[in-house]
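Following: one structure in structure tokens, then a few remarks.
The values are calculated or read from the model by the stated rules, or taken from the named source; none is laboratory data. This structure is a prediction, so every number in the text was calculated from the model and none was measured. Positions of Cβ are backbone-derived with ideal geometry, glycine not excepted, and every protein chain shown enters the neighbour counts. Quick note on the areas: whole protein, heavy atoms, side chains included, nothing else; ligands and nucleic acids left out. Shrake-Rupley method; radii C 1.70, N 1.55, O 1.52, S 1.80 Å.
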Amino acid sequence: MSLEFNSEEYENEQTLFADVILPLPLPLMYTYRVPREFAAKVKPGVRVVVQFGQKRVLTAVIASIHSNAPKIYEAKYLLDLLDESPTVNSYQFKLFEWMASYYMCTQGEVLNAAVPSGLKLSSESKIQLNPEYNGNYEFSASEQLILEELKKRNLSYSDVMTLLGKKTIHPVIKSLLAKGVVILFEELKEKYAPKVISKIRLRDEILESKKLFEEVFQKLEKKEKQLTLLLRYMQLTQVQQNKDNNRLGLAKNVLLNAEVSASALSTLLKNNIFEEFDQVISRFAEYDLKNEKEIKLSEAQTRAKEEILELFKTKEVTLLHGITGSGKTEVYIELIKHALEGGSQVLLLLPEIALTTQIVSRLQKVFGNKMGIYHSRFSDNERVEVWRGIISGKFSFIIGVRSSVFLPFDNLGLVIVDEEHESSYKQYDPAPRYQARDTAIMLARFHHAKVVLGSATPSVESYYQATTGRWGLVKMDKRFGEASLPEIVLVDTLREKKFKTMQNDFSSVLLSELKLCLEENHQAILFQNRRGYAPYLNCEDCAYIPKCTSCSVSLTYHMHSGELRCHYCGHVERLPQQCQACGSTRIKPIGFGTEKLEDDLKLFLPEARVQRMDLDTTRNKNSYQNIIQEFESGKTNVLVGTQMVTKGLDFDKVTLVGIFDADRMIHFPDFRAAERSFQILSQVSGRAGRRGQKGKVLIQTTNTLQNILHQVIRHDYEAFYQLELQERERFNYPPFYRLIKITIKDPEKKPAHDFAQAFVNLLLPELGSKRVLGPETPVIDKIRNNYLVDIFIKLEKDKIKLPAVKELLQKHASQLLQSDKSYRSTQVVFDVDPA
Ligand SMILES: [Zn+2]
Ligand SMILES: [Zn+2]
């Protein structure tokens, strides 16, 4: 090796800078200096700790490395490097960038939504004394000062800044850390903690030396219990046949049984014959696939699979339009197998709630340990394990909710979006306000992967793409295994009211069908898309209706808890004994929710064993699962619920479905009301009758002539679609036009309305009155103490340059915000493709 000074290399060594994405809503990236000791290790995608502003210490992700110092500020040093290899890969950067620009938010907001919080450090990094410190170091004056203060309390970085009266504190903290006298708070409370189990194994020396091995046996000759334990260990691990087995050892609970006592084990540990060690294990159960039967596809399923694979050759996206019960899952399974065998990764997106149900356990049986589940109900540790499991190659197939589009795939071959029409794929709040289905299509494009969208009731937009030839279209229009579609009947509640045959909200037809259903030992599902007991209370004397103090909505009456609740902000108050306005005690609940149906049913049909499934009964981790299991096992026989009962559930014994209040859904003031109604009514109906049992569906309505109800009755998606498409075209809605909803929020009413009007006035000359609609006061114009005003931008799909319009909107918004002091609390929220 040459000891000569290499001047060339030295001169080339220049100061490096890193642009980082901070987890904050900042439009620009921020630049930091790379300390020399990190120079060899920094690369895009690696997480770093940085100071931002005076006080905050944050976890950021490096987006790029360069040698250009920022022009207008002095770059601070990166404080620390958290990864050896990237946590975020180049595909993800591409996706984040696209999302930020398409959905009009910042990359920081996308990053914040993308990365599980277990991979972030808390923004208030704290230091504390190390309880295990036993060094003998000298300390500087600054260090002394910090140590004295730490005896009293833990300190954040900003505390230390104040204490020392200077901003650059990292060298001091670093030195204290190096001496081992303090520890960073996160190290103690590291958000992600691997799960370990304690295991036992023979000490290696004993296995390696025949002599030692025999000595051990001699020593234990008369110690029966210890000998039994040793023999049991050898028998269970087969270490004599293969010494490598000893490395994995045995878990204590496996080793110990009735004959083998814990005290014998502790003696053997004390005498250095056995040793104890920790093994890091996965939080996910291991699956044994040996006994799984091969799935046999029906003819229709095989045909669908073949058609899709053929379309993959020419189309990026294929829509699988299969009616409820047609067996789409089996087709997915074959496609997934096909992609995995080809060596690529697969992502299957499911709507939030469907992920806790039957489909997951079915797929787990097929794909076992290759499959990772990414669910919002999972703990953060579990989510970090999935994230890391994809990087390490442990999981090649992910089944997950909308946020799984953010995962670190690097070789995606297939993306499936099940129930692609589901509104839960759209994130409303906070930013990024993204549509996971559309984002998944973009993600697939970056990977050159194929996309399959599945639905029994496709969204109008998707069906339009598929029937105009941009996407492939495959249909499955027979139910699997000879099951027939349910018979759907309309029940005229106006007529029943006239003849006084209604019992509260139950028609006589529904009640007698229910009775019959239970007598035959079948099950029923009742659907009402409104939780609580009654949507509002009304004073019979002065007509006062209790309203939320922070939102412009009436409070929903929840009888079981004796409360009035706001479904928009969560505000709760006790049920009033008297009218707050006039003092009258004659307060009456108006309308009905799932709670009331449950209560009334117990009265009208005492033999029914009723369970309710809505947001209120499924808040705990396992409650949703429990309700399903009780229904599946027959412990309950009537399930009353909101939309939750429509999602991905298959129950063999359900022969009756009752639908309440269909009219409210149909007349909801939204351009998607018809589409939603058709989808929900079809999905709920699809729960009735499977495997040989013909089902019956009763829809209660005040108007039996409505078109949409008859499309549902005839299971005629095509007719619904054609009519709906005409409406969309006539009124300039998607798929012909693109919508951007702009919501102006302000704690005061006047600035919100003033701003909205001024904004519209700015936009009108540039976009024209056909493209700018509003300002419009929404039906609920105050939520969480903010007044709301909406503006809608409608843009032709093909003629308009979308990025330019978005830029224009953002430019005008930020200029207007700064133009007047009265807008200091005004917020402008952009929602691209609102749901
Ligand atoms: Zn009153
Ligand atoms: Zn409220």
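Look through the stretch 764-784, keep the residues that are surrounded by 13 or more Cβ atoms within 10 Å (Cβ to Cβ) and within 29 Å of the chain's Cα centre (by Cα), and return whichever of them is nearest to GLU461 (Cα to Cα). Result: PRO778. In the set (1) without any contact (Cβ under 8 Å) to a residue 60 or more places away in the chain; (2) more than 28 Å from the chain's Cα centre (by Cα), the condition left unmet by ARG479 is number (1). All of (1) among the charged types (D, E, K, R); (2) part of a helix (DSSP H, G or I); (3) closer than 30 Å to LYS394 by Cβ; (4) in contact with a helix residue (DSSP H, G or I) (Cβ under 7 Å, 6 or more places away or on another chain) hold for LYS225 with one exception: (3). Against the numbered list (1) within 16 Å of ligand 2 (Cβ to nearest atom); (2) modelled with pLDDT under 95; (3) surrounded by fewer than 15 Cβ atoms within 10 Å (Cβ to Cβ), LYS801 comes up short only at (1).
Okay, residues lined up against (1) under 30 Å from the mean Cα position of the chain (by Cα); (2) within 16 Å of ligand 1 (Cβ to nearest atom); (3) surrounded by 19 or more Cβ atoms within 10 Å (Cβ to Cβ); (4) not in a strand (DSSP E or B):
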residue	(1), (2), (3), (4)
ASP541	no, yes, no, yes
TYR557	yes, yes, yes, no
GLY570	yes, no, no, yes
PRO576	no, yes, no, yes
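Report yes if some residue within the stretch 482-495 is over 20 Å from MET665 (Cβ atoms), of a type in the set (D, E, K, R), open to solvent by 30 Å² or more (accessible area, probe 1.4 Å) and outside any strand (DSSP E or B); otherwise report no. The answer is yes; a qualifying residue exists.
Here is a yes/no grid of residues against (1) modelled with pLDDT of 85 or more; (2) among the charged types (D, E, K, R); (3) assigned to a helix (DSSP H, G or I):
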residue: LYS43; (1), (2), (3): yes, yes, no
residue: LEU58; (1), (2), (3): no, no, no
residue: VAL61; (1), (2), (3): yes, no, no
residue: GLU74; (1), (2), (3): yes, yes, no
residue: PRO86; (1), (2), (3): yes, no, no
residue: SER101; (1), (2), (3): yes, no, yes
residue: GLY118; (1), (2), (3): no, no, yes
residue: LEU121; (1), (2), (3): no, no, no
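Restricting the stretch 591-629 to residues that are open to solvent by 50 Å² or more (accessible area, probe 1.4 Å) and not in a helix (DSSP H, G or I), the residue that is nearest to ligand 1 (Cβ to nearest atom) is LEU615.
If you go through the stretch 578-590 and keep only what is loosely packed, with under 14 Cβ neighbours inside 10 Å and aliphatic (A, V, I, L, M), you end up with ALA581, ILE590. Please work out which residue is least open to solvent (accessible area, probe 1.4 Å), limiting yourself to the stretch 471-481 and to residues that are farther than 16 Å from ARG437 by Cα and in a loop (DSSP other than H, G, I, E, B). By that ranking, first place goes to ARG479. Looking across ARG664, ARG687, one residue alone is closer than 22 Å to GLY322 by Cα and open to solvent by 10 Å² or more (accessible area, probe 1.4 Å). It is ARG687. Among the residues of the stretch 390-416, those identified as crowded, with 19+ Cβ neighbours inside 10 Å, in contact with a Ser or Thr (Cβ under 9 Å, 6 or more places away or on another chain) and farther than 17 Å from TYR91 by Cβ are VAL401, ARG402. Only a single criterion out of (1) more than 25 Å from SER552 (Cβ to Cβ); (2) open to solvent by 30 Å² or more (accessible area, probe 1.4 Å); (3) in contact (Cβ under 8 Å) with a residue 60 or more places away in the chain is not satisfied by VAL832, namely (2). Of all the residues in the stretch 546-597, those that are in contact with a Cys (Cβ under 7 Å, 6 or more places away or on another chain) and within 16 Å of ligand 2 (Cβ to nearest atom) number 9.
Residue-level analysis places THR585 among those that are over 28 Å from the mean Cα position of the chain (by Cα) and within 16 Å of ligand 1 (Cβ to nearest atom).
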